[in-house]
1. It is to be established whether one or more residues within the stretch 78-101 are β-branched (Val, Ile, Thr), over 20 Å from the mean Cα position of the chain (by Cα) and more than 13 Å from the ligand (Cβ to nearest atom).
2. Please indicate, with yes or no, whether at least one residue in the stretch 161-168 is assigned to a helix (DSSP H, G or I), in contact (Cβ under 8 Å) with a residue 12 or more places away in the chain and more than 30 Å from GLU91 (Cβ to Cβ).
3. Go through the stretch 284-331 and report how many residues are in a loop (DSSP other than H, G, I, E, B), aliphatic (A, V, I, L, M) and modelled with pLDDT of 95 or more.
4. Test SER135 against the stated conditions and say whether it is of a type in the set (S, T, N, Q) and either away from the ligand (no atom under 16 Å from the Cβ) or at pLDDT below 95 (or both).
5. For the stretch 230-237, indicate whether the set of residues that are closer than 22 Å to ILE313 by Cβ, buried (at least 19 other Cβ atoms within 10 Å of the Cβ) and of a type outside the set (A, V, I, L, M) is non-empty.
6. Within the stretch 175-196, is even one residue away from the ligand (no atom under 13 Å from the Cβ) and assigned to a strand (DSSP E or B)?
7. Looking for whichever is more than 24 Å from the chain's Cα centre (by Cα) and of a type in the set (Ser, Thr, Tyr) here; the options are TYR195, TYR170. Which one fits?
8. Identify the single condition in (1) within 15 Å of the ligand (Cβ to nearest atom); (2) at negative phi; (3) surrounded by 24 or more Cβ atoms within 10 Å (Cβ to Cβ) that GLY6 does not satisfy, given that it satisfies every other one.
Amino acid sequence: MDFGVGVASGTDALILALEAQGIGPGDEVITTPFTFFATAEAISRCGATPVFVDIDPSTYNIDWQLLEPKITARTKAIMPVHLFGQSADMESLVEIAQRYDLKVVEDACQAIGAEYKGRRVGGLGDAGCFSFFPSKNLGGAGDGGMVVLNDGELAEKMRLLREHGSSRKYHHQFLGHNSRLDALQAAFLLVKLKYLDEWNKERRELAAHYSELLGAAPEIKTPEVLPGASPVFNLYVIRTSMRETLREVLTQAGVATGIYYPLPLHLQEVYRDLGYEKGELPQSENAAQETLALPLYPCMPKETVEKVSALIIDAITKGRAGTRSLSDAPS
Ligand SMILES: *Cc1c(COP(=O)(O)O)cnc(C)c1O
C-alpha cells in the first residue's frame, strides 16, 4: 500500500476508512458476528447498518460462500476480519466484491504481518485497518491505529477527517474527529516495528508447538490454517466441549486463559432491533461456546507451552476416566 494514515485507535481506523469512502446512513456493510465489538460498532458509528454473515467454523472467519445472498441494493462494502491473526479467505471475497462493485475494508487489527498468498493483509482490499493497542502484535504504550491504502485522494480525506475536517488551522471543510496518532505512541511503535517480523515468527513457532502437543488430544481441536495463509497468532485459540473444566484446571494452576468471544455480535443487546434470532448464525454461536485462548506471546518460554499442554491433556484424561467410571459403575 502506498499511503498510511495514523489515527488514535483501531476503532477509529475502521470508522475513518468507512466515512472517507462516503459510507453512512442508509448503507449496509457486510461483516462477521464473531469478532471484537469494534468491527460492527464502527459500521454503526458511521450511521450504516452491519449485516452479519456466519463464519467458516474451521477458521472462524467470514464464510464467503454465505455472503452473496446477503447483498442488497444498499450494500456498500464488505468488512472481513482476519481473526486471531489469520487472513480471511480473501480471493473469493474480493472477487464477489468486485462483481457487485463493493468496497473491501479489512479489519486487520489482530493480524499485522499476516500473509495471504504471499501478500500482507491490510493490502488486499480498498483499505486496511490496524490497531496498536498494547495487546496486538504491534502494540504501543497506549492506543493507536492506522489505515493503509493505495488511493492518495482518499488518504488525504482521512487526514482531514482525523483533524476536525480541517487542512488549515481554524478552517473546516466538513465534520471530522480528533483522532491523531499520538507522537509519543508513534515513537514507541517505530522502535517496536523493527522486531515485528521476529516476534511474529516466535508466535508461529510457539503455536506450532502447541498444535504438535495438543493435535492428537481427544476433545481438542487445534487451529486450522487456511491454504495460502500465514497467520501471526495474535491469539492461540483451541476449540473444546470441555471449556469450563479446562479453564478451571488452568486457572487453579495459575495459567490465564481467555474467551474470544462469548457472545456473537448479532445477539448483543445493542443490536436487538436488527432482529437476529438465536440459531440464525449457528457456526458463530457454536464457536462462542467452545473457543478457549491459551497463553501466547513472543519470548514466552517453550516450557510454558509444554506445561499448559500437559495440564490440558491430564484434565481431559481424568475427565474422560471420570465419565467412564460413572457410567460403568454397577447400579
Ligand atoms: C482490537 C480490535 C479492534 C479495535 O482496535 P482498538 O485499537 O482497540 O480500537 C477492532 N477490531 C478487532 C478485530 C480488534 O481485535
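The values are calculated or read from the model by the stated rules, or taken from the named source; none is laboratory data. These numbers come from a predicted model, not from an experiment. Because the Cβ atoms are built from the backbone with ideal geometry, glycine has one as well, and the counts that use them run over all protein chains shown.
1. Yes.
2. Going residue by residue through the stretch 161-168, those that are assigned to a helix (DSSP H, G or I) are 161.
Still in the running and in contact (Cβ under 8 Å) with a residue 12 or more places away in the chain: 161.
Next cut, more than 30 Å from GLU91 (Cβ to Cβ) only: 161.
Checking the stretch 161-168: at least one residue is assigned to a helix (DSSP H, G or I), in contact (Cβ under 8 Å) with a residue 12 or more places away in the chain and more than 30 Å from GLU91 (Cβ to Cβ).
3. 2
4. Spelling it out, it is not the case that SER135 is of a type in the set (S, T, N, Q) and either away from the ligand (no atom under 16 Å from the Cβ) or at pLDDT below 95 (or both).
5. Scanning the stretch 230-237, I find at least one residue that is closer than 22 Å to ILE313 by Cβ, buried (at least 19 other Cβ atoms within 10 Å of the Cβ) and of a type outside the set (A, V, I, L, M), so the answer is yes.
6. Yes, the stretch 175-196 contains at least one residue that is away from the ligand (no atom under 13 Å from the Cβ) and assigned to a strand (DSSP E or B).
7. TYR170
8. (3)
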